[in-house]
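Below is one structure, written out as structure tokens; comments come after it.
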Amino acid sequence: MPRYVLAVDAGTTSVRCMLFGHGGEVLAVSQRDLRQIYPGPGMVEHDADEIWQLCRETIRDCLSRPGVDPSECMAMGITNQRETTVVWDSVTGRPLCNAIVWQDRRTHEFCQELRDRGLGGTVLSKTGLQIDAYFSGTKLRWILDSIPGAREGAEAGRVLFGTVESWLIWNLTGGTVHATDYSNASRTMMFNITDLGWDRELLDILGVPERMLPEAFPPGHLFGMTVIEAIGAEIPIASAMGDQQAALFGQTCFDRGDVKITFGTGGFLLMNIGTDPKITASGLLTTVAWDVGGGAEYALEGSIYIAGAAVQWLRDELQIVEESAETERMAERVEDTCGCYVVPAFVGLGAPHWDQNARGIIMGLTRGTNRCHIARAALESIAFQANDIIRAMEADSGTAMHSVRVDGGASANNFLCQFLADITGMEVERPRCIESTALGAAYMAGLTVGFWSGEDDLADNWALDRRFVPSMDEAERRRHTDGWDHAVRCARLWSATDNSQRQYILPAIHPRFTRRS
């Protein structure tokens, strides 16, 4: 009997390969950092060839570990940073340009044009998404309009589009399979989440030739076999899932109302809403979660653009810490933030605000503010952003939440988890395996090939590491959230692009600012 399932997690800042046993235990891990490319303000790119190379290296590394026999690997699952856009030549196998990362804001003006044309309702009703530069569709449009030969090649069927899992599947199968899955396709702003297919009207709006798009399948699907030339072994590719849907699956949130938050580069809160793709009115997104044979299931999602990246900013740009783990100790050295708030709107604000013009600020500084206060404020900002989404999700679903499961690298920070419990008034549950994204991809692949028998089999694997219980009283909680709300309004005012926006935002900051002033 094969002993394990392999998962590739192609994330925003690294590529990781993990081997999981039947009990969900981690048998091997290999990880490589992914270079970040910033060609201009608001622009973020990756080298798609580098993503593929790191994928190969980490897989080969895991499969070459002592005691690991590649023939005992029953299946492979792929999970990935979702909206990142790759365009390549199917003949040469080379990307036409760098991949445009989900954080990239270069298409925000085109998004505003679409909103001004009154297309927001059309996009929302078909895709469950807001019109935003976050999603793949406008990034693809930019490539087709800006890269010489891209549009002509796409119309001829030679130039292909895919998000990261499509790019990896194409390479792993030796260029024979051009495919995606429903969970990733639902993040492109081109995919109808009810019909589960590419939407002709949206493709016409964006000017995208359908010939260049991958074929979409359920996340649990036999996409093809890896070729020996790629990774030295033939392994069935039995799942592909967007990273946040994979984390929801890895946390075994199989029941309607189950909620998880993943703290990676960004932060992503998803709630299982079952088989009804309810379209939200509170700034949340509706997305395809998975389909395990009984039809598509959906999730409500709130996206935080900057979560763990705020800690990286403290380390790499401000250089007030040498290692990310130091922030926990620094935050605990001070009683509070001394009135300091950090709003890490480096690329705008995601749900529920969806303000692409907002910019990051540190406010409330005094002469006594030190680096520990700033580090604590940065950690608190992650919890504040999650709380904003939780309140919107409760309003939208009509259901009060009492607990949430957390995962991702930043969830190892005990201060963050406790402050999240305090500010939300909810219990926070952290599992023993916080790499739920890779685990979810492995689970889906294993289900597809029969390594696991069903969802009950997977739920038995989930184990609690620590439960964080709220200890903050309501008055203190309100004081904290009122200060955060004020800081967010200031961040939104900072980059208001015209006087009409300022007239709208200023009265919300303080009553003395009237519409006329």
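The values are calculated or read from the model by the stated rules, or taken from the named source; none is laboratory data. Nothing here was measured: the structure is a model prediction, and the numbers come from that model. As a convention, Cβ positions derive from the backbone with ideal geometry for all residues, glycine included, and neighbour counts pool all protein chains shown. For accessibility, only protein heavy atoms count, side chains too; no ligands or nucleic acids. Shrake-Rupley method; radii C 1.70, N 1.55, O 1.52, S 1.80 Å.
Yes/no per residue for (1) touching a residue at least 60 places away in the same chain (Cβ under 8 Å); (2) surrounded by 18 or more Cβ atoms within 10 Å (Cβ to Cβ); (3) touching a strand residue (DSSP E or B) at 6+ places or on another chain (Cβ under 8 Å):
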position: 400; (1), (2), (3): no, no, no
position: 408; (1), (2), (3): yes, yes, yes
position: 426; (1), (2), (3): no, yes, yes
position: 435; (1), (2), (3): yes, yes, yes
position: 446; (1), (2), (3): yes, yes, yes
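Considering region 287-313 alone, what residues qualify as being surrounded by 24 or more Cβ atoms within 10 Å (Cβ to Cβ) and β-branched (Val, Ile, Thr)?
If the condition is that a residue be surrounded by 24 or more Cβ atoms within 10 Å (Cβ to Cβ) and β-branched (Val, Ile, Thr), then 287, 288, 304, 306, 311 are the ones that fit.
Looking only at helices (runs of 4 or more DSSP H) that lie completely in region 94-187, which have at least 1 residues being open to solvent by less than 10 Å² (accessible area, probe 1.4 Å) and basic (Lys, Arg)?
Working: elements: 108-116, 120-127, 136-146, 150-155, 164-172, 182-185.
Those helices (runs of 4 or more DSSP H) span 136-146.
Sort out which residues of region 319-347 are modelled with pLDDT of 90 or more, closer than 22 Å to residue 367 by Cα, open to solvent by less than 70 Å² (accessible area, probe 1.4 Å) and not in a strand (DSSP E or B), and write them in order of number.
Once the filter is applied, which keeps residues that are modelled with pLDDT of 90 or more, closer than 22 Å to residue 367 by Cα, open to solvent by less than 70 Å² (accessible area, probe 1.4 Å) and not in a strand (DSSP E or B), region 319-347 yields 327, 330, 331, 334, 337, 338, 339, 340, 344.
Select from region 80-93 the residues that are surrounded by fewer than 19 Cβ atoms within 10 Å (Cβ to Cβ) and of a type in the set (S, T, N, Q) and write down the one among them that is nearest to residue 211 (Cα to Cα). Break it down into steps so the answer makes sense when it comes.
Kept after step one, since they are surrounded by fewer than 19 Cβ atoms within 10 Å (Cβ to Cβ), are these residues of region 80-93: 89-93.
Those left that are additionally of a type in the set (S, T, N, Q): 90, 92.
Details: 90: 12, 92: 18 Å.
Taking the candidates together, the pick is 90.
Sort out which residues of region 284-300 are in a loop (DSSP other than H, G, I, E, B) and within 16 Å of the chain's Cα centre (by Cα), and write them in order of number. I'd like the intermediate steps shown before the answer.
If we filter region 284-300 for residues that are in a loop (DSSP other than H, G, I, E, B), which is where we start, we get 284, 291-296.
Within region 284-300, just 284 meets the criteria.
Please go through region 366-384 and give me each residue that is open to solvent by less than 10 Å² (accessible area, probe 1.4 Å) and not polar (S, T, N, Q), ordered by number.
Going through region 366-384, the residues open to solvent by less than 10 Å² (accessible area, probe 1.4 Å) turn out to be 375, 377-384.
Matches in region 366-384: 375, 377, 378, 379, 380, 382, 383, 384.
Scan 67, 24 and give me the residue that is without any contact (Cβ under 8 Å) to a residue 40 or more places away in the chain and over 19 Å from residue 97 (Cα atoms). Working first, answer last.
On the way: 24 fails: without any contact (Cβ under 8 Å) to a residue 40 or more places away in the chain.
Answer to the selection: 67.
Scan region 122-143 and tell me whether some residue there is free of Cβ contacts under 8 Å to residues at least 40 places away in the same chain, closer than 27 Å to residue 351 by Cβ and more than 23 Å from the chain's Cα centre (by Cα). Break it down into steps so the answer makes sense when it comes.
At the first step, the residues of region 122-143 found to be free of Cβ contacts under 8 Å to residues at least 40 places away in the same chain are none.
No.
Just to verify a result, which residue in region 460-478, among those that are assigned to a helix (DSSP H, G or I) and surrounded by 12 or more Cβ atoms within 10 Å (Cβ to Cβ), is farthest from the chain's Cα centre (by Cα)?
Residues of region 460-478 that are assigned to a helix (DSSP H, G or I), as a first pass: 474-478.
Checking which are surrounded by 12 or more Cβ atoms within 10 Å (Cβ to Cβ) leaves us with 476-477.
Details: 476: 31, 477: 28 Å.
Among residues in region 460-478 that are assigned to a helix (DSSP H, G or I) and surrounded by 12 or more Cβ atoms within 10 Å (Cβ to Cβ), the one farthest from the chain's Cα centre (by Cα) is 476.
Conditions first: (1) without any contact (Cβ under 8 Å) to a residue 40 or more places away in the chain; (2) closer than 30 Å to residue 359 by Cβ. Residue 99 passes all but one, so which condition is the exception?
(1)
For residue 75, are the conditions met, namely being of a type in the set (Gly, Ala, Ser), at pLDDT below 95, open to solvent by less than 60 Å² (accessible area, probe 1.4 Å) and part of a strand (DSSP E or B)?
On the way: of a type in the set (Gly, Ala, Ser): yes; at pLDDT below 95: no; open to solvent by less than 60 Å² (accessible area, probe 1.4 Å): yes; part of a strand (DSSP E or B): yes.
When the stated conditions are applied, residue 75 does not pass them.
Filter the strands (runs of 3 or more DSSP E) completely within region 212-271 down to those with at least 2 residues that are modelled with pLDDT under 95 and over 19 Å from residue 350 (Cα atoms). Even if it seems obvious, please write down each step before you answer.
Numbers: elements: 215-217, 220-225, 236-242, 259-263.
By residue number, no strands (runs of 3 or more DSSP E) qualify.
Quick check: anything in region 273-280 more than 22 Å from residue 444 (Cβ to Cβ) and of a type outside the set (A, V, I, L, M, F, W, C)?
Going residue by residue through region 273-280, those that are more than 22 Å from residue 444 (Cβ to Cβ) are 278-280.
Cutting the leftovers down to of a type outside the set (A, V, I, L, M, F, W, C) gives us 278, 280.
Yes, region 273-280 contains a residue that is more than 22 Å from residue 444 (Cβ to Cβ) and of a type outside the set (A, V, I, L, M, F, W, C).
Criterion first (in contact with a helix residue (DSSP H, G or I) (Cβ under 8 Å, 6 or more places away or on another chain) and part of a helix (DSSP H, G or I)) does residue 52 satisfy it? Before you say what the answer is, go through the steps one by one.
Numbers: in contact with a helix residue (DSSP H, G or I) (Cβ under 8 Å, 6 or more places away or on another chain): yes; part of a helix (DSSP H, G or I): yes.
In short, yes.
State which residue is surrounded by the fewest Cβ atoms within 10 Å (Cβ to Cβ) when the search covers only region 58-72 and only residues that are outside any loop (DSSP other than H, G, I, E, B) and more than 28 Å from the chain's Cα centre (by Cα).
71
Is it fair to say residue 92 is touching a Ser or Thr at 6+ places or on another chain (Cβ under 6 Å) and not aliphatic (A, V, I, L, M)?
On the way: touching a Ser or Thr at 6+ places or on another chain (Cβ under 6 Å): no; not aliphatic (A, V, I, L, M): yes.
For residue 92, the condition - touching a Ser or Thr at 6+ places or on another chain (Cβ under 6 Å) and not aliphatic (A, V, I, L, M) - is not met.
For residue 40, which of the numbered conditions (1) more than 26 Å from residue 188 (Cβ to Cβ); (2) open to solvent by 10 Å² or more (accessible area, probe 1.4 Å); (3) small (Gly, Ala, Ser) fails to hold?
With (1) more than 26 Å from residue 188 (Cβ to Cβ); (2) open to solvent by 10 Å² or more (accessible area, probe 1.4 Å); (3) small (Gly, Ala, Ser) applied to residue 40, the lone miss is (1).
Of the residues that sit in region 188-214 and are open to solvent by 10 Å² or more (accessible area, probe 1.4 Å) and on the phi > 0 side of the Ramachandran plot, which one is farthest from the chain's Cα centre (by Cα)?
Restricting to residues being open to solvent by 10 Å² or more (accessible area, probe 1.4 Å) and on the phi > 0 side of the Ramachandran plot, the top hit is 207.
Would you call residue 276 over 18 Å from residue 184 (Cα atoms), open to solvent by 10 Å² or more (accessible area, probe 1.4 Å), outside any strand (DSSP E or B) and at pLDDT 95 or above?
On the way: over 18 Å from residue 184 (Cα atoms): yes; open to solvent by 10 Å² or more (accessible area, probe 1.4 Å): yes; outside any strand (DSSP E or B): yes; at pLDDT 95 or above: no.
So residue 276 fails the test.
Output the residues belonging to region 1-28 that are among the hydrophobic types (A, V, I, L, M, F, W, C) and open to solvent by 60 Å² or more (accessible area, probe 1.4 Å). Walk me through how you get there before you give the answer.
So the first thing to find is which residues in region 1-28 are among the hydrophobic types (A, V, I, L, M, F, W, C), and the list is 1, 5-8, 10, 15, 17-20, 26-28.
Passing the criteria: 1, 26, 27.
For region 196-221, name all the residues that are closer than 30 Å to residue 452 by Cα and either without any contact (Cβ under 8 Å) to a residue 40 or more places away in the chain or out of contact with any strand residue (DSSP E or B) (no Cβ under 6 Å at 6 or more places or on another chain) (or both). Steps first, answer last, please.
Of all residues in region 196-221, those closer than 30 Å to residue 452 by Cα come to 196-197, 214-221.
Matches in region 196-221: 196, 197, 215, 216, 217, 218, 221.
Residue check: is residue 391 open to solvent by 20 Å² or more (accessible area, probe 1.4 Å) and assigned to a helix (DSSP H, G or I)?
Values: open to solvent by 20 Å² or more (accessible area, probe 1.4 Å): yes; assigned to a helix (DSSP H, G or I): yes.
Here the answer is yes, as residue 391 does meet what is asked.
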